[in-house]
Structure formats: C-alpha cells, structure tokens
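What follows is one structure encoded as structure tokens, with my remarks underneath.
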Amino acid sequence: MEALRDLPYEDLGFAKLDSHRDLRRGFPEVILCLGKPPERIIEIARRMSESQGLVLATRASPDVHDRLRKALVGKRVTYHEKAAIVSIGDPPKATRGSVLVVTAGTSDIPVAEEAGVTAELMGCSVTRLYDVGVAGVHRILDRQDLLKEAKVIVVVAGMEGALPSVVAGLVKVPVIAVPTSVGYGASFDGLAALLGMMNSCAPGVAVVNIDNGFGAGYLASMMNR
C-alpha cells in the first residue's frame, strides 16, 4: 500500500485522473463540473467509475445529470438536486458520527445541502437544522439538544456571518463555518461574512471559502474519522 500510495494517475489528454487519491486521502477524486464541457465530464466520470465504487460530481446542472444518466447505462446515477451533486454508484452506509448542518436563513440552504449531501456520501450521519439565525437567536437556543448530540457542526450563514460564533460558544465540538454570498450590497457577495467568521471570538471555528459547502462537508467527514 505504501508503494502504491504515490503512483499512478491516468492521463486522458485533457485531464489527469488521480486514481490513488482515496489511498492518500480516504476518498476518491471529485469532479467539479463548473467550466467543463459535458462530454469531458462524461468521459472523466466513465473512467473513474470503472475503478471506484462511488464517484461524485459537484455543481452539476440537471442537464449534466441527464447526460450522465444516459451515458452510464447500468450505473446508479443519482441527482441530489438541492445540493447540485451527482453521485455515481452506491452510497456507503452511515458509519461515522453525527454531523449537524445549521443555516442562518433559508437562502443559505443550497450551500448547506451541498455540505450535508457531501458528508452523507462520505459515510456520515447528517442532521439538518435550518433557519435559526441570530435575528431570532432563541430558535437556535431552543435546539441545544441537537447541538450537544453532534460530533461536528457545519454552520452556514450570509449577511454578517455571526451564527458560527454563537454556536461555537455553546458546544465542545469543532464548528466549520461556511460564509455564503447571500446578502445586500455591503455584504460584498459573502466577503463580510467570511471576514466576520475568520475573526470569530469563539475558539474552535474553522472557516472554508465562500459558498464552499463541498469543502465543509468533506472536512466534517475527515474530522469524524
């Protein structure tokens, strides 16, 4: 296994598939669909699915899902619409501790679903708690039972991005903060939330990039191992 860990990749000309990433990282390479022509997404997915039991394609449109479904006959191709994720193959059973995904508002749900579905497809048990932002902080305080049951908490928020600090001040587990581009002009498409989260006065908060639900779900799964 050590000898194989840093060896092959498959050169498709337009892409180099890291076929041993699951040996190094614990999960196979994931396809980001943004900026890729559908025919290249299909070819990458086809080649990866030959050796991997589960392949993920993120930021996938319904059209990409439809093309993958028609091209990969005999494969289980599932579209997780709210998360814009296509999974090819059979998802694993939940064998890792609970991940709680929290949003400040309902506008943050698409990014939260990307995080939640990613964690689920990586074998985590995921619970969702949506629309509990600081504008009505009693809502999150009312569900401290869920906060205390979680092993890792992903908090998704736009506007000023204050909710992760509130949550981190209530729990003893890691909190992953996800800023979203939701908000009015001075939120600068999520920059205000990003800076607010990075300057959290509550310790134990990790921050991912703006709208990066996938990165948050992946990190939550790694913390759960």
Just a yes or no: is a residue in the stretch 156-169 at pLDDT below 95 and either among the basic types (Lys, Arg) or touching a Leu at 6+ places or on another chain (Cβ under 8 Å) (or both)?
yes
If you go through 206, 193, 216, the only one that is closer than 25 Å to residue 146 by Cα and assigned to a strand (DSSP E or B) is 206
Among (1) surrounded by fewer than 21 Cβ atoms within 10 Å (Cβ to Cβ); (2) among the small types (Gly, Ala, Ser); (3) part of a loop (DSSP other than H, G, I, E, B), residue 187 falls short only on (3)
Residue pairs qualifying under the 6 Å Cβ cut-off, at least six apart or on distinct chains, with the first in the stretch 55-83 being not assigned by TED's automatic domain parsing to the domain that holds residue 215 and the second being of a type in the set (Phe, Trp, Tyr) and not in a helix (DSSP H, G or I), are 65/79
_Please determine whether any residue of the stretch 139-158 is under 27 Å from residue 85 (Cα atoms), free of Cβ contacts under 8 Å to residues at least 60 places away in the same chain and assigned to a loop (DSSP other than H, G, I, E, B)._
yes
Result of the Cβ filter at 9 Å on the stretch 1-24, keeping first residues that are farther than 14 Å from residue 51 by Cβ and partners that are of a type in the set (Phe, Trp, Tyr) and at pLDDT 75 or above, at least 6 apart or interchain, is 16/9
Among the residues of the stretch 174-189, the number that are touching a residue at least 24 places away in the same chain (Cβ under 8 Å) and either aliphatic (A, V, I, L, M) or within 11 Å of residue 205 (Cα to Cα) (or both) is 6
Of the candidates 187, 181, the one satisfying the condition of being polar (S, T, N, Q) and either within 19 Å of the chain's Cα centre (by Cα) or over 21 Å from residue 130 (Cβ atoms) (or both) is 181
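Yes/no matrix, rows are residues, columns are (1) among the small types (Gly, Ala, Ser); (2) surrounded by fewer than 16 Cβ atoms within 10 Å (Cβ to Cβ):
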site: 37; (1), (2): no, yes
site: 44; (1), (2): no, no
site: 51; (1), (2): yes, yes
site: 55; (1), (2): no, no
site: 60; (1), (2): yes, no
site: 65; (1), (2): no, no
site: 70; (1), (2): no, yes
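The values are calculated or read from the model by the stated rules, or taken from the named source; none is laboratory data. Every value quoted in this text rests on a predicted model; they were computed, and no experiment measured them. Note that we place each Cβ from the backbone using ideal geometry, even for glycine, and neighbour counts take in every protein chain shown.
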